[in-house]
Amino acid sequence: MKKSVFRKLVAALLTVVLIALTAASAWADEILEGSTEPAETGMILPGSSDPKDSGECGDNVNYSYNKSTGIVTVSGTGATWDYASRLGPNIVSRIFNVNGLVYTLKIESGITEIKEGFIPESYTLVNIIIPKSVKKIGDYNFKSSSHELCLILYEGTKEEWNKITIEDSNHDLDDIIVLYKDEWYKDVISGKDFYFMPVYFASVFGITGGYGNGTFQPYASCSRAMIVTFLYRAAGSPDVAGTNQFSDVKPTDWYYKAVSWAVEKGITTGYGSGTFQPYASCSRAMIVTFLKRMYDPSSKPQYKNAFPDVPKGAWFTDAVMWAVQYGITTGKGGYFKPNDVCTRGEAVTFIYRLFTGGI
(Lines give C-alpha, C1' and ligand atoms only; values in the text may rest on other atoms or scores of the structure.)
Protein backbone atom coordinates (compact mmCIF):
# COMPACT_ATOMS: atom_id res chain seq x y z
CA MET A 1 0.00 0.00 0.00
CA LYS A 2 2.70 2.45 1.01
CA LYS A 3 4.75 1.77 -2.11
CA SER A 4 1.74 2.29 -4.35
CA VAL A 5 1.04 5.65 -2.71
CA PHE A 6 4.64 6.73 -3.06
CA ARG A 7 4.49 5.86 -6.75
CA LYS A 8 1.78 8.48 -7.12
CA LEU A 9 4.02 11.03 -5.46
CA VAL A 10 7.27 10.24 -7.24
CA ALA A 11 7.75 11.79 -10.69
CA ALA A 12 9.96 8.99 -11.98
CA LEU A 13 10.60 5.58 -10.50
CA LEU A 14 13.63 3.38 -10.83
CA THR A 15 12.88 2.11 -14.31
CA VAL A 16 12.35 5.55 -15.84
CA VAL A 17 14.95 7.62 -14.04
CA LEU A 18 16.56 8.87 -17.24
CA ILE A 19 13.26 10.43 -18.27
CA ALA A 20 13.23 12.30 -14.98
CA LEU A 21 16.75 13.54 -15.64
CA THR A 22 15.63 15.47 -18.69
CA ALA A 23 13.13 17.41 -16.66
CA ALA A 24 15.06 17.82 -13.43
CA SER A 25 15.17 21.12 -11.63
CA ALA A 26 17.20 22.36 -8.67
CA TRP A 27 15.68 21.99 -5.23
CA ALA A 28 16.96 22.99 -1.81
CA ASP A 29 20.59 23.05 -0.73
CA GLU A 30 21.70 19.98 1.20
CA ILE A 31 22.28 22.05 4.29
CA LEU A 32 20.32 25.25 3.64
CA GLU A 33 17.04 23.49 3.17
CA GLY A 34 13.78 25.16 2.23
CA SER A 35 10.75 25.22 -0.01
CA THR A 36 10.72 26.70 -3.48
CA GLU A 37 7.05 27.63 -3.08
CA PRO A 38 6.64 31.31 -2.19
CA ALA A 39 2.97 31.01 -1.23
CA GLU A 40 1.53 31.81 2.19
CA THR A 41 1.42 29.02 4.74
CA GLY A 42 -2.28 28.88 5.34
CA MET A 43 -5.61 30.16 4.14
CA ILE A 44 -5.80 33.58 5.77
CA LEU A 45 -9.49 34.13 5.28
CA PRO A 46 -11.29 37.43 4.72
CA GLY A 47 -11.93 39.25 7.98
CA SER A 48 -9.19 37.47 9.92
CA SER A 49 -6.81 39.37 12.15
CA ASP A 50 -3.03 39.45 11.79
CA PRO A 51 -1.46 35.99 12.07
CA LYS A 52 -0.21 35.03 15.53
CA ASP A 53 2.41 32.49 16.54
CA SER A 54 0.35 31.13 19.43
CA GLY A 55 -3.21 31.03 20.59
CA GLU A 56 -6.28 28.94 21.25
CA CYS A 57 -7.62 26.38 18.81
CA GLY A 58 -10.03 24.53 21.09
CA ASP A 59 -11.81 25.00 24.39
CA ASN A 60 -8.85 23.40 26.18
CA VAL A 61 -6.45 23.32 23.26
CA ASN A 62 -3.66 25.71 22.29
CA TYR A 63 -1.13 25.96 19.49
CA SER A 64 2.38 27.40 19.33
CA TYR A 65 4.66 27.97 16.36
CA ASN A 66 8.45 27.68 16.32
CA LYS A 67 9.95 29.67 13.43
CA SER A 68 13.34 27.97 13.61
CA THR A 69 11.95 24.45 13.18
CA GLY A 70 8.78 25.20 11.24
CA ILE A 71 6.77 23.14 13.74
CA VAL A 72 3.28 24.00 14.94
CA THR A 73 2.59 22.15 18.19
CA VAL A 74 -1.00 21.59 19.35
CA SER A 75 -1.41 20.68 23.00
CA GLY A 76 -4.17 20.33 25.56
CA THR A 77 -7.11 18.01 26.13
CA GLY A 78 -10.24 17.19 24.20
CA ALA A 79 -11.20 18.38 20.75
CA THR A 80 -9.93 21.11 18.49
CA TRP A 81 -12.32 23.66 17.16
CA ASP A 82 -14.38 22.93 14.07
CA TYR A 83 -13.32 25.06 11.11
CA ALA A 84 -15.83 23.73 8.61
CA SER A 85 -17.46 27.13 8.31
CA ARG A 86 -15.59 30.07 6.80
CA LEU A 87 -17.67 32.31 9.07
CA GLY A 88 -17.09 30.39 12.30
CA PRO A 89 -16.56 32.48 15.46
CA ASN A 90 -13.06 31.13 16.04
CA ILE A 91 -11.74 31.49 12.51
CA VAL A 92 -9.07 34.03 13.55
CA SER A 93 -7.37 31.36 15.68
CA ARG A 94 -6.91 28.91 12.86
CA ILE A 95 -3.51 27.39 13.55
CA PHE A 96 -2.05 27.97 10.10
CA ASN A 97 -2.57 31.70 10.36
CA VAL A 98 0.94 32.06 11.72
CA ASN A 99 3.95 34.12 10.73
CA GLY A 100 6.22 31.91 8.64
CA LEU A 101 6.35 28.54 6.94
CA VAL A 102 4.79 25.47 8.55
CA TYR A 103 6.55 22.20 7.77
CA THR A 104 5.37 19.99 10.63
CA LEU A 105 2.09 19.86 12.53
CA LYS A 106 2.61 18.05 15.83
CA ILE A 107 -0.52 17.02 17.71
CA GLU A 108 0.41 16.14 21.27
CA SER A 109 -1.09 13.41 23.43
CA GLY A 110 -4.28 14.55 25.13
CA ILE A 111 -6.04 15.68 21.96
CA THR A 112 -8.94 13.28 21.34
CA GLU A 113 -10.54 14.72 18.21
CA ILE A 114 -9.30 16.69 15.21
CA LYS A 115 -12.47 18.33 14.02
CA GLU A 116 -13.56 19.15 10.50
CA GLY A 117 -11.31 21.47 8.51
CA PHE A 118 -8.75 21.90 11.30
CA ILE A 119 -5.78 21.21 8.99
CA PRO A 120 -6.08 23.67 6.08
CA GLU A 121 -4.27 23.60 2.78
CA SER A 122 -0.60 24.51 2.93
CA TYR A 123 2.11 24.55 0.28
CA THR A 124 4.81 23.80 2.82
CA LEU A 125 3.33 21.23 5.22
CA VAL A 126 5.34 18.01 4.94
CA ASN A 127 4.31 15.88 7.89
CA ILE A 128 1.65 15.55 10.58
CA ILE A 129 2.35 13.79 13.88
CA ILE A 130 -0.77 12.22 15.39
CA PRO A 131 -0.83 10.64 18.87
CA LYS A 132 -2.69 7.54 19.99
CA SER A 133 -5.05 9.68 22.07
CA VAL A 134 -6.84 10.84 18.91
CA LYS A 135 -10.02 8.81 18.39
CA LYS A 136 -11.72 10.80 15.64
CA ILE A 137 -10.59 12.88 12.66
CA GLY A 138 -13.17 15.04 10.89
CA ASP A 139 -13.61 15.59 7.18
CA TYR A 140 -11.65 18.01 4.95
CA ASN A 141 -8.39 17.69 6.87
CA PHE A 142 -6.19 16.18 4.18
CA LYS A 143 -6.25 18.09 0.91
CA SER A 144 -4.39 16.09 -1.72
CA SER A 145 -3.89 19.14 -3.92
CA SER A 146 -1.60 20.72 -1.36
CA HIS A 147 -0.42 17.71 0.64
CA GLU A 148 0.87 15.64 -2.25
CA LEU A 149 4.19 15.14 -0.48
CA CYS A 150 2.85 14.80 3.05
CA LEU A 151 3.37 11.96 5.51
CA ILE A 152 1.44 11.14 8.66
CA LEU A 153 3.58 9.85 11.51
CA TYR A 154 1.22 7.97 13.80
CA GLU A 155 2.41 7.16 17.30
CA GLY A 156 0.50 3.89 17.48
CA THR A 157 0.17 0.67 15.52
CA LYS A 158 -1.70 0.00 12.30
CA GLU A 159 -4.39 -1.78 14.29
CA GLU A 160 -4.83 1.28 16.52
CA TRP A 161 -4.95 3.60 13.50
CA ASN A 162 -7.72 1.50 11.95
CA LYS A 163 -9.84 2.00 15.06
CA ILE A 164 -9.88 5.79 14.63
CA THR A 165 -13.11 7.17 13.19
CA ILE A 166 -11.95 9.03 10.08
CA GLU A 167 -14.32 11.08 7.95
CA ASP A 168 -12.78 11.38 4.50
CA SER A 169 -15.52 11.93 1.95
CA ASN A 170 -13.12 13.13 -0.76
CA HIS A 171 -10.62 10.29 -0.19
CA ASP A 172 -7.85 12.84 0.28
CA LEU A 173 -6.13 10.46 2.70
CA ASP A 174 -5.54 8.03 -0.19
CA ASP A 175 -2.67 10.21 -1.38
CA ILE A 176 -0.94 10.43 2.00
CA ILE A 177 1.30 7.77 3.51
CA VAL A 178 0.67 6.78 7.10
CA LEU A 179 3.75 5.48 8.89
CA TYR A 180 3.21 3.70 12.19
CA LYS A 181 5.41 4.02 15.27
CA ASP A 182 7.74 1.16 14.34
CA GLU A 183 8.21 2.61 10.84
CA TRP A 184 9.38 6.13 11.60
CA TYR A 185 12.58 7.44 13.09
CA LYS A 186 12.71 9.48 16.26
CA ASP A 187 15.56 11.58 14.81
CA VAL A 188 13.71 12.34 11.54
CA ILE A 189 10.68 14.28 12.69
CA SER A 190 10.73 17.81 11.31
CA GLY A 191 9.60 18.24 7.72
CA LYS A 192 11.90 21.25 7.47
CA ASP A 193 14.97 19.02 7.48
CA PHE A 194 16.29 18.65 3.94
CA TYR A 195 16.55 14.88 4.34
CA PHE A 196 13.04 14.27 5.74
CA MET A 197 11.27 13.06 2.59
CA PRO A 198 14.38 11.37 1.11
CA VAL A 199 14.82 9.29 4.29
CA TYR A 200 11.28 7.96 4.17
CA PHE A 201 11.45 7.49 0.40
CA ALA A 202 14.54 5.34 0.90
CA SER A 203 12.90 3.47 3.74
CA VAL A 204 9.67 2.71 1.87
CA PHE A 205 11.54 1.45 -1.18
CA GLY A 206 13.99 -0.65 0.83
CA ILE A 207 17.06 1.36 -0.20
CA THR A 208 18.12 1.70 3.42
CA GLY A 209 16.78 1.24 6.90
CA GLY A 210 17.68 2.71 10.23
CA TYR A 211 19.48 1.45 13.27
CA GLY A 212 18.09 -0.93 15.85
CA ASN A 213 17.47 1.87 18.33
CA GLY A 214 14.80 3.52 16.19
CA THR A 215 17.06 6.17 14.69
CA PHE A 216 18.22 6.85 11.15
CA GLN A 217 21.28 8.92 12.10
CA PRO A 218 21.16 11.32 9.12
CA TYR A 219 24.43 13.02 10.06
CA ALA A 220 26.43 9.82 10.42
CA SER A 221 29.17 9.24 7.84
CA CYS A 222 28.67 6.89 4.91
CA SER A 223 31.25 4.26 4.06
CA ARG A 224 31.99 3.16 0.50
CA ALA A 225 30.31 -0.18 1.19
CA MET A 226 27.22 1.56 2.47
CA ILE A 227 26.92 3.80 -0.61
CA VAL A 228 27.24 1.02 -3.20
CA THR A 229 24.70 -0.99 -1.18
CA PHE A 230 22.25 1.92 -1.33
CA LEU A 231 22.73 2.11 -5.10
CA TYR A 232 22.46 -1.65 -5.55
CA ARG A 233 19.14 -1.69 -3.71
CA ALA A 234 17.94 1.37 -5.63
CA ALA A 235 18.59 -0.59 -8.82
CA GLY A 236 16.37 -3.39 -7.54
CA SER A 237 19.08 -5.69 -6.13
CA PRO A 238 19.63 -7.45 -9.49
CA ASP A 239 21.39 -10.78 -9.93
CA VAL A 240 25.14 -10.47 -10.23
CA ALA A 241 26.79 -12.43 -13.04
CA GLY A 242 30.42 -11.85 -12.19
CA THR A 243 32.58 -11.46 -9.14
CA ASN A 244 34.97 -8.81 -7.96
CA GLN A 245 38.70 -9.25 -7.56
CA PHE A 246 39.17 -7.06 -4.50
CA SER A 247 41.25 -8.67 -1.79
CA ASP A 248 39.23 -6.94 0.96
CA VAL A 249 35.76 -8.01 -0.27
CA LYS A 250 34.81 -11.58 0.63
CA PRO A 251 31.72 -13.60 -0.40
CA THR A 252 30.62 -13.65 3.22
CA ASP A 253 30.59 -9.86 3.53
CA TRP A 254 27.17 -8.15 3.68
CA TYR A 255 28.21 -5.81 0.86
CA TYR A 256 29.68 -8.50 -1.42
CA LYS A 257 26.85 -8.57 -3.98
CA ALA A 258 26.60 -4.79 -4.05
CA VAL A 259 30.31 -4.34 -4.69
CA SER A 260 30.35 -7.11 -7.31
CA TRP A 261 27.39 -5.44 -9.06
CA ALA A 262 29.12 -2.04 -8.94
CA VAL A 263 32.23 -3.55 -10.53
CA GLU A 264 30.17 -5.36 -13.18
CA LYS A 265 28.41 -2.10 -14.13
CA GLY A 266 31.57 -0.03 -14.17
CA ILE A 267 30.45 2.08 -11.23
CA THR A 268 33.65 1.50 -9.30
CA THR A 269 37.11 0.19 -10.09
CA GLY A 270 38.47 0.33 -6.57
CA TYR A 271 41.93 1.51 -5.67
CA GLY A 272 45.16 0.81 -7.52
CA SER A 273 46.22 -1.53 -4.77
CA GLY A 274 43.58 -4.05 -5.78
CA THR A 275 41.35 -3.15 -2.85
CA PHE A 276 37.91 -1.59 -2.56
CA GLN A 277 38.35 -0.27 0.97
CA PRO A 278 34.70 -0.86 1.95
CA TYR A 279 34.97 0.86 5.33
CA ALA A 280 36.71 3.96 4.07
CA SER A 281 34.55 7.09 4.16
CA CYS A 282 32.70 7.97 0.97
CA SER A 283 33.21 11.58 -0.06
CA ARG A 284 30.66 13.79 -1.78
CA ALA A 285 32.79 13.63 -4.94
CA MET A 286 32.70 9.83 -4.84
CA ILE A 287 28.92 9.50 -4.53
CA VAL A 288 28.10 11.83 -7.43
CA THR A 289 30.70 9.97 -9.50
CA PHE A 290 29.06 6.64 -8.63
CA LEU A 291 25.63 8.05 -9.52
CA LYS A 292 26.78 9.36 -12.90
CA ARG A 293 28.51 6.10 -13.80
CA MET A 294 25.35 4.25 -12.77
CA TYR A 295 22.86 6.23 -14.85
CA ASP A 296 24.60 8.42 -17.37
CA PRO A 297 28.17 7.19 -17.90
CA SER A 298 28.68 8.43 -21.45
CA SER A 299 27.53 12.04 -21.12
CA LYS A 300 30.03 14.90 -21.19
CA PRO A 301 28.39 17.85 -19.44
CA GLN A 302 29.57 21.32 -20.30
CA TYR A 303 31.86 22.79 -17.68
CA LYS A 304 30.51 25.76 -15.79
CA ASN A 305 32.24 27.50 -12.93
CA ALA A 306 29.47 26.50 -10.54
CA PHE A 307 31.67 26.04 -7.48
CA PRO A 308 35.10 27.53 -6.70
CA ASP A 309 36.25 24.16 -5.32
CA VAL A 310 35.39 22.22 -8.50
CA PRO A 311 38.12 23.09 -11.01
CA LYS A 312 38.04 22.15 -14.64
CA GLY A 313 39.73 18.82 -15.31
CA ALA A 314 39.47 17.29 -11.83
CA TRP A 315 38.52 13.60 -11.71
CA PHE A 316 35.12 14.45 -10.21
CA THR A 317 34.30 17.59 -12.24
CA ASP A 318 32.14 15.93 -14.92
CA ALA A 319 30.13 14.14 -12.24
CA VAL A 320 29.54 17.32 -10.25
CA MET A 321 28.54 19.28 -13.37
CA TRP A 322 26.14 16.46 -14.28
CA ALA A 323 24.68 16.46 -10.76
CA VAL A 324 24.18 20.23 -10.89
CA GLN A 325 22.58 20.04 -14.33
CA TYR A 326 19.95 17.58 -13.14
CA GLY A 327 19.20 19.12 -9.77
CA ILE A 328 20.86 16.37 -7.75
CA THR A 329 23.00 18.86 -5.85
CA THR A 330 23.13 22.59 -5.34
CA GLY A 331 26.16 22.59 -3.10
CA LYS A 332 26.75 23.85 0.42
CA GLY A 333 27.06 27.56 1.02
CA GLY A 334 28.31 28.29 -2.48
CA TYR A 335 30.78 25.39 -2.51
CA PHE A 336 30.44 21.73 -3.43
CA LYS A 337 32.98 20.51 -0.85
CA PRO A 338 34.00 17.40 -2.80
CA ASN A 339 36.25 16.03 -0.06
CA ASP A 340 33.67 16.27 2.72
CA VAL A 341 32.40 12.91 3.91
CA CYS A 342 28.95 12.16 2.53
CA THR A 343 26.45 11.76 5.36
CA ARG A 344 23.56 9.30 5.38
CA GLY A 345 21.12 12.19 5.01
CA GLU A 346 22.99 13.60 2.02
CA ALA A 347 23.27 10.17 0.38
CA VAL A 348 19.55 9.43 0.40
CA THR A 349 18.87 13.02 -0.68
CA PHE A 350 21.09 12.66 -3.76
CA ILE A 351 19.33 9.40 -4.63
CA TYR A 352 15.88 10.86 -4.00
CA ARG A 353 16.55 13.85 -6.23
CA LEU A 354 17.83 11.60 -8.99
CA PHE A 355 14.69 9.46 -8.93
CA THR A 356 12.24 12.32 -8.57
CA GLY A 357 13.76 14.80 -10.97
CA GLY A 358 14.61 17.31 -8.25
CA ILE A 359 11.16 17.37 -6.64
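Quick notes on this one:
Yes/no per residue for (1) within 23 Å of GLY206 (Cβ to Cβ); (2) crowded, with 23+ Cβ neighbours inside 10 Å:
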site	(1), (2)
THR252	yes, no
GLY274	no, no
ARG284	no, yes
TYR295	yes, no
TYR303	no, no
ASP309	no, no
LYS312	no, no
GLY331	no, no
TYR335	no, no
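- Filter result (at pLDDT 95 or above and either assigned to a helix (DSSP H, G or I) or among the acidic types (Asp, Glu) (or both)) within segment 324-350: ASP340, ARG344, GLY345, GLU346, ALA347, VAL348, THR349, PHE350
- Every residue from segment 192-216 that is small (Gly, Ala, Ser), modelled with pLDDT under 90 and at negative phi: GLY209, GLY210, GLY212
- Residue match in segment 221-239 (condition: in a loop (DSSP other than H, G, I, E, B) and touching a Cys at 6+ places or on another chain (Cβ under 7 Å)): yes
- Options TYR103, TYR185; residue that is of a type in the set (Phe, Trp, Tyr), out of contact with any helix residue (DSSP H, G or I) (no Cβ under 6 Å at 6 or more places or on another chain) and closer than 24 Å to CYS57 by Cα: TYR103
- One residue from THR269, THR289 being of a type outside the set (A, V, I, L, M, F, W, C), out of contact with any strand residue (DSSP E or B) (no Cβ under 7 Å at 6 or more places or on another chain) and crowded, with 19+ Cβ neighbours inside 10 Å: THR289
- Any hit, segment 148-171, residues being closer than 12 Å to ILE129 by Cα, of a type in the set (Asp, Glu) and in contact with a helix residue (DSSP H, G or I) (Cβ under 9 Å, 6 or more places away or on another chain): yes
The values are calculated or read from the model by the stated rules, or taken from the named source; none is laboratory data. All values derive from a computational prediction rather than experimental measurement. Neighbour counts run over all protein chains shown; Cβ positions are idealised from the backbone, glycine included.
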